[in-house]
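Student: Below is a structure I'd like to ask you about.
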Amino acid sequence: ARSITVPLIEIQQQADLVQPDSEHDHQNMTTTAITESAAILMYLCESKPEQMGDLYGKPGTLRKASIDSYLHWHHSNTRILGNIASSYLIEGRQKSDAERAQHPVEIHKILRRLEQGWLAEPRSGTTQPFIAEGPIPSIADLLCYDEI
């Protein structure tokens, strides 16, 4: 699976977004690396909400619960698309003909789940533009669109 990795040094250089709020935070920043793209985005949204807007939803809201729900599903579903693509692009990751024959089936299944599940408007059955209901995209949308 492809993931976005932001080395600790890059996080520290984003002084306008990430400032330690206490000595404890400063100590943790020098020893803790956040390497999963969803975790990085969640951290930035929660630690600097005034700069990140409503990309993650406010604590205790259905928007945040919907985003969290998608992020958990995304980790073991939408990321399959990246694995499939890498099997065609990265030397040494080639698959057998039988495995490749299953790729269109897997891709269709995942995209159908996105359209009929995550993007379906529950009351009308039509599709909505974003994964978490609302007028703007969320970090769930950013991660989903990156994989597609």
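Student: Check GLU50 against each of (1) on the phi < 0 side of the Ramachandran plot; (2) not in a helix (DSSP H, G or I) and name the one condition it does not meet.
Tutor: Result: GLU50 fails condition (2) only.
Student: Could you grab me the full set of residues in segment 56-106 that are out of contact with any Asp or Glu (no Cβ under 8 Å at 6 or more places or on another chain) and of a type in the set (D, E, K, R)?
Tutor: LYS58, LYS64, ASP68, GLU91, ARG93, LYS95, ASP97, GLU99, ARG100, GLU106
Student: Would you be able to say whether some residue in segment 116-133 is closer than 17 Å to LEU71 by Cα, touching a Gly at 6+ places or on another chain (Cβ under 8 Å) and either part of a loop (DSSP other than H, G, I, E, B) or not hydroxyl-bearing (Ser, Thr, Tyr) (or both)?
Tutor: Yes, some residue in segment 116-133 is closer than 17 Å to LEU71 by Cα, touching a Gly at 6+ places or on another chain (Cβ under 8 Å) and either part of a loop (DSSP other than H, G, I, E, B) or not hydroxyl-bearing (Ser, Thr, Tyr) (or both).
Student: Among the residues in segment 5-26, are any open to solvent by 30 Å² or more (accessible area, probe 1.4 Å), under 18 Å from TYR145 (Cα atoms) and at pLDDT below 80? Explain how you work it out, then say what you get.
Tutor: Taking segment 5-26 and keeping what is open to solvent by 30 Å² or more (accessible area, probe 1.4 Å), we get 5-10, 12-17, 19-26.
Of the ones still in play, those that are also under 18 Å from TYR145 (Cα atoms) are 5.
Retained after the next criterion (residues that are at pLDDT below 80): 5.
Yes, some residue in segment 5-26 is open to solvent by 30 Å² or more (accessible area, probe 1.4 Å), under 18 Å from TYR145 (Cα atoms) and at pLDDT below 80.
Student: While we're here: Would you tally the residues in segment 60-85 being part of a helix (DSSP H, G or I) and open to solvent by less than 40 Å² (accessible area, probe 1.4 Å)? I'd like the intermediate steps shown before the answer.
Tutor: Within segment 60-85, the subset part of a helix (DSSP H, G or I) is 62-76, 79-85.
Narrowing the set further to residues that are open to solvent by less than 40 Å² (accessible area, probe 1.4 Å) leaves 63-64, 66-68, 70-71, 74, 79, 81-82, 84.
So the answer is 12.
Student: Can you find, within segment 86-98, the residue that is nearest to ASP146 (Cα to Cα) among those that are open to solvent by less than 70 Å² (accessible area, probe 1.4 Å) and either within 26 Å of the chain's Cα centre (by Cα) or of a type outside the set (Gly, Ala, Ser) (or both)?
Tutor: Across segment 86-98, the extreme among qualifying residues is SER86.
Student: Restricting to segment 30-51, what's the tally of residues that are free of Cβ contacts under 8 Å to residues at least 24 places away in the same chain and closer than 17 Å to ARG79 by Cα?
Tutor: Summing the residues that are free of Cβ contacts under 8 Å to residues at least 24 places away in the same chain and closer than 17 Å to ARG79 by Cα in segment 30-51 gives 1.
Residue-wise test of (1) among the charged types (D, E, K, R); (2) open to solvent by less than 80 Å² (accessible area, probe 1.4 Å); (3) more than 30 Å from GLN51 (Cα to Cα).
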site: ARG100; (1), (2), (3): yes, yes, yes
site: LEU119; (1), (2), (3): no, yes, no
site: PHE130; (1), (2), (3): no, yes, no
site: ASP146; (1), (2), (3): yes, yes, no
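Student: Residue pairs, Cβ under 6 Å, 6 or more apart or interchain, first in segment 64-91 and of a type in the set (Gly, Ala, Ser), second in a helix (DSSP H, G or I). List them.
Tutor: Final answer for the pair search is GLY82/GLU147.
The values are calculated or read from the model by the stated rules, or taken from the named source; none is laboratory data. Only a predicted model underlies this, so the values are computations on that prediction, with no experimental measurement involved. All Cβ positions, glycine included, derive from the backbone under ideal geometry; neighbour counts span all protein chains shown. These area figures cover heavy atoms from the full protein model, side chains too; ligands, DNA and RNA do not enter into them. Shrake-Rupley method; radii C 1.70, N 1.55, O 1.52, S 1.80 Å.
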